[in-house]
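Each remark here refers to the structure printed beneath this line.
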Amino acid sequence: MDYILVDATFYKKRWRVMAEAIAGKDNILLCYLCCPLETCLARNKERNPSLPEKVIHIISKEMERPLEPDITIDTEKITPQTAAAEIALRVHSI
């Protein structure tokens, strides 16, 4: 089976619905990676290139949290490597 990783915030429900319509609901693993605004801002400063801080605030304000994600990961509590491993385990169990 082939997989496509869509790396985007998809912070609006309508964007997630559109992805489900294209791929089929059963073909999507919705992963919600949560992180406090302060941490997002700090991590953004370390990015190259970084986003304008205003963009991070807009996303935070307009975020429509998924009501029933397949997996939720608190990125404050685990490393990126552990988060990726948890997602991979979930994908392989489908």
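For the reader, a short list of remarks on this structure follows.
- MRE, 222 nm, helices only [DSSP H, n ≥ 4, -39500 (n - 2.57), over the chain, to nearest 500]: -14000 deg cm²/dmol
- Longest segment of the chain lacking GluC sites (Glu not before Pro) that sit in a DSSP loop with at most 13 other Cβ atoms within 10 Å: 1-63
- This ranking places L67, L37 by how few other beta-carbon atoms lie within 10 Å of each, fewest first, which gives L67, L37.
- Using a cutoff of 8 angstrom between alpha carbon atoms and counting only pairs six or more residues apart, the relative contact order for the chain works out to 38 percent.
- Segment 56-94-segment 1-34 distance, computed between alpha-carbon centres (Å): 12 Å
- Cα-projected label distance for N44 with L67, points at 7 Å along beta-carbon direction, nm: 2.9 nm
- Approximate spin-label separation A88-Y3, in nm, with each point projected 7 Å along Cα-to-Cβ: 0.8 nm
- Ordering L30, S60, L5 by the projection of their Cα atoms onto the charge dipole of the chain, which places +1 on the Cβ of Lys and Arg and -1 on the Cβ of Asp and Glu, puts S60 at the extreme positive end.
- Where trypsin sites (Lys or Arg not before Pro) in DSSP loops with at most 14 other Cβ within 10 Å are excluded, longest remaining stretch of the chain: 13-46
Each reported figure results from applying straightforward, stated rules to the coordinates on display, with no laboratory input. Small disclaimer: the values here were computed from a predicted structure and weren't measured. Counting neighbours? That spans all protein chains shown, and the Cβs are built from the backbone with ideal geometry, glycine included.
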